[in-house]
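Read through the structure below, which is laid out as structure tokens, and then see the notes.
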Amino acid sequence: MKILAVCGFGVGSSLILKMTITKALKELGLDAEVVNTDITDAKSYRADAIFTSPQFVSDLQGSAKATLYPIHKYSDKEEVKQQLKTLFNQN
Amino acid sequence: MEAVDDYQAAITLAAKPLLEEGFIEAAYIEAMLDALEAYGSYIVLTDYFALPHARPSKAVKQTGLSLLLVREAVDVKTKPVHVFIVLAAKDDQAHIQVLGGLAEFLMEPQNIQDIIAASTRDGVYTLLKERWTLT
């Protein structure tokens with residue numbers, strides 16, 4: 001399982017989101033590889049899932065090669081956990 | 001700070017210490033504001049907290065952070081924000097450790113509430129020093 005955390009530049013917010021996902025995975029006892037990148041790279045990147053803002057979800061629809069999961073607050077561990085549960089239940 | 005006119009003013013003010021200390025050039029502030037317009041308000045990472053930043057560039061001379069606390073919530077594209085931490089990253093690497101500590105700090109919503117409640121600059125500083133672990 002490979003999860004992509006995406007923001008505009010791939011350096012700040014997506015890194016924070018990656019850390020939130022990593023922490024949430026650990027607390028849920030789940031395992032996945034988490035990588036952060038920018039919105040441009042996200043379009044061609046091969047992954048199982050993309051976690052990003054609702055606006056970027058709209059931008060990526062059609063071009064992304066992974067299932068898109070909107071995250072409203074990148075530091076909200078509970079919101080991330082809910083999306084992880086959905087992701088892992090589908091796979 | 002009690003109140004500011006809008007989020008553009010808040011981000012400019014929040015970045016002022018970095019500008020005055022020579023960590024960034026004015027172009028970096030423009031880049032942060034442009035990013036917010038182009039990419040939306042995901043820099044509001046949790047309730048009442050925003051991390052304005054842009055891509056590492058020549059406009060960043062040294063990696064650093066600066067903080068602004070505004071008593072009256074600032075509307076960042078419909079999201080209310082009290083705490084702004086400007087991130088200036090010189091490259092893709094130098095800030096990663098700092099953000100690790102910040103990520104942990106932000107996952108605990110009480111931490112932001114406590115910053116908002118802090119009455120003095122020293123109070124904010126002490127709180128950050130105690131709870132923001134630099135790994």
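Each reported figure results from applying straightforward, stated rules to the coordinates on display, with no laboratory input. The model shown is predicted, which means the values in this text are computed figures rather than measured ones. All Cβ positions, glycine included, derive from the backbone under ideal geometry; neighbour counts span all protein chains shown.
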Among the residues of the stretch B:105-121, write down those that are part of a loop (DSSP other than H, G, I, E, B) and under 24 Å from A:ALA24 (Cα atoms).
B:MET107, B:GLU108
How many residues are out of contact with any His (no Cβ under 6 Å at 6 or more places or on another chain), farther than 24 Å from A:ALA24 by Cα and not acidic (Asp, Glu) if we restrict to the stretch B:84-104?
5
Number of positions in the stretch B:25-43 that are away from chain A (no Cβ under 14 Å) and either surrounded by fewer than 14 Cβ atoms within 10 Å (Cβ to Cβ) or closer than 22 Å to A:CYS7 by Cα (or both)
4
